[in-house]
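Dropping the structure in here first, questions after.
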Amino acid sequence: MGRRGEDDGREGRLMRAAVSSIVAAVTALLASSAASAQEWPTQPVTILTLLAAGGAADVLGRAVGEALALDVKQSVVIDNRPGGGPH
């Protein structure tokens, strides 16, 4: 009879530990979802083009930048850096 009582105590401790772990996991999940709800981006977005200004890459980068700026409601800067490509 004493052994049965010991088993019940151990099962109770295991159950409390499991419930505590679940509560901690749910709390962490809720906290992380609240943190990820921040607005993005918080600073201007920079698009790098690796060819000279005025070329096709520059024109395409500016077109993408305009569409992105409208979508994220943040300024987008096109940064031309010739010579940075794989040539």
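The values are calculated or read from the model by the stated rules, or taken from the named source; none is laboratory data. Just so we're clear, the structure is a prediction, and the values are computed from it rather than from any experiment.
For residues that are at pLDDT 70 or above and over 30 Å from A69 (Cα atoms), tally how many sit in the stretch 1-46.
Here the count works out to 21.
Identify all residues within the stretch 73-87 that are farther than 11 Å from L48 by Cα and modelled with pLDDT under 85; write none if there are none.
Hits for the stretch 73-87 are G83, P86, H87.
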